[in-house]
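Below: the structure, in structure tokens.
No value in this document is a laboratory result; all are computed from the given coordinates. Not measured: the values here are computed from a predicted model. Quick reminder, even Gly has a Cβ in these numbers, built from the backbone with ideal geometry, and neighbours come from all protein chains shown.
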Amino acid sequence: MVIDLHIHSKCSDGTFSVEEIFEEAERRNITLMSITDHDSIESQELAIKLARKTGISYLSGVELNVTFSYPLFQDGKSISLDFLGYNFDIDTSVFAGQLEQMASYREERAAKILENLNSEFTKEGIRKLTRKDFGEIMASVDGTLGRPHIADYLVKRGIVMNRQEAFDKYLVRCNVPKYPLYLGEASKLVRNAGGQLVLAHPNDPHGTSLFAVTRSLSEQTRIIEESILDYIDGVECWHSRNDNETTSHYLRFATQHGLMVTGGSDCHQKPVLMGTTAVPDYVAIDLRDRLSLG
């Protein structure tokens, strides 16, 4: 059995359409999957239809970026954490409305990031980005606008060589805070839509995770116990950037607290990682029992 519960489509910052994801999933014999776009459920209706057509078991999914603060970390300074929502009703109006509000804010945020970029470009003698440039960036987005789309445009313009250079040289420095969705709000949104909230890649050194607070796995789980546990239903224990120690530690933690466990590649299709994270078969069995899936 091949399981992948963390995949991104063009509706956020992936490069594959929903149709292409399902075609690749069939080629890779994936049997249980979820598309978890950032702050967007635009892909879900089509994904559910294609899952029925292909016979692939499917969970509705989303990845929510949450503003989180821990009192003992830098005087309570906020960081970003990612949480995965699963098995929710995609037609819940409050949930969809909140995501639409977040999408609207993303456009405002992108415009402010471009203003910051132009300040840097003026110092370096680079032609500033115009409204036309902003329009081209927007036209390149199939779903949720984010910094990767701006990075790709900077590559297209020849200002940087690749997406990573865009972030390293400009986008980290020119960043504007994301929409402030707090953990209690995220948990309520997903649970009220009948879903479950899962802490994503808790020790990812290259992503939004508790690694930013501490590299100690025991300290990470202490933070979860103190500030996160009441709001979540599970933990992502398998991830493409996990080491064995991280997976084992979080499996023990999830078992101790009776949490559901999930796993996935976090595939954005560059490269195509779908189905390559070894999630055990028992995860599917456990999810079917917990979520009363057919």
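For the chain, what's the relative contact order in percent, using C-alpha pairs closer than 8 Å and at least 6 residues apart? Walk me through the numbers on the way to the answer.
Numbers: 510 pairs, mean separation 67.8, N = 294.
With pairs under 8 Å counted, the relative contact order is 23 percent.
Work out how far the C-alpha atoms of segment 198-294 reach from end to end along every principal axis, then list the three figures in whole Å, largest first.
35, 34, 21
How many nm is it between the label spots at residue 270 and residue 54, if each spot is 7 Å from the Cα in line with the beta carbon?
A separation of 2.2 nm, rounded to one decimal place.
How large is the charge dipole for the chain, taken about the Cα centre, if only the Cβ atoms of Lys, Arg (+1) and Asp, Glu (-1) carry charge, to the nearest 20 debye? Write out the running numbers ahead of the final one.
Working: 31 positive and 42 negative charges, 161 e Å.
It comes to approximately 780 debye.
Run the numbers on segment 99-171 and let me know its relative contact order in percent, using alpha-carbon pairs under 8 Å that are six or more apart.
29 percent.
On a straight-distance basis, which aspartates and glutamates could pair with residue 169 in a cross-link, Cα separation under 18 angstrom, same-chain partners fewer than 8 positions away excluded?
115, 120, 124, 152
Counting only Cα atoms, I'd like the Rg/Rh figure for the chain, Kirkwood definition for Rh.
Details: Rg = 19.1 Å, Rh = 19.8 Å.
Reported Rg/Rh (Cα atoms, Kirkwood Rh): 0.96.
Picking from 125, 85, 195, which is most flexible by a Gaussian network model of the chain using Cα springs under 10 Å?
So, out of 125, 85, 195, the one fluctuating most is 125.
For the chain, set up a GNM with springs between Cα atoms under 10 Å and report which of 60, 218, 34 has the largest fluctuation.
Of 60, 218, 34, the Gaussian network model singles out 218 as fluctuating most.
Under the 0.36 nm per residue contour assumption, what length would be gained going from the current alpha-carbon distance of residue 94 and residue 1 to full extension?
30.0 nm
How are the C-alpha pair distances of segment 17-130 spread across 5 Å bins, as whole percents from the shortest bin up?
Each 5 Å bin holds this share of Cα pairs: 2, 10, 15, 14, 13, 13, 12, 10, 7, 4, 1, 0.
What aspartates and glutamates could a cross-link reach from residue 178, if we take a straight Cα to Cα line under 15 Å and drop same-chain neighbours fewer than 8 places away?
Reachable aspartates and glutamates: 39, 63, 82, 100, 107, 108.
Return 235, 283 ranked ascending by Cβ neighbour count within 10 Å, so the fewest neighbours appear first.
Ascending number of Cβ neighbours within 10 Å: 283, 235.
For segment 99-171, take every pair of Cα atoms, bin their distances at 5 Å starting from 0, and report each bin as a whole percent.
Taking all Cα pairs of segment 99-171, the binned fractions are 3, 16, 28, 29, 15, 6, 2, 0 percent.
Can you tell me how much longer the chain between residue 122 and residue 155 gets when fully stretched, taken as 0.36 nm per residue apart minus their C-alpha distance, in nm with one decimal?
Numbers: separation 33, 0.36 × 33 = 11.88 nm, distance 1.80 nm.
So the extension gain works out to 10.1 nm.
Report, in cubic angstrom per residue, the convex hull volume of the C-alpha atoms of segment 119-249.
156
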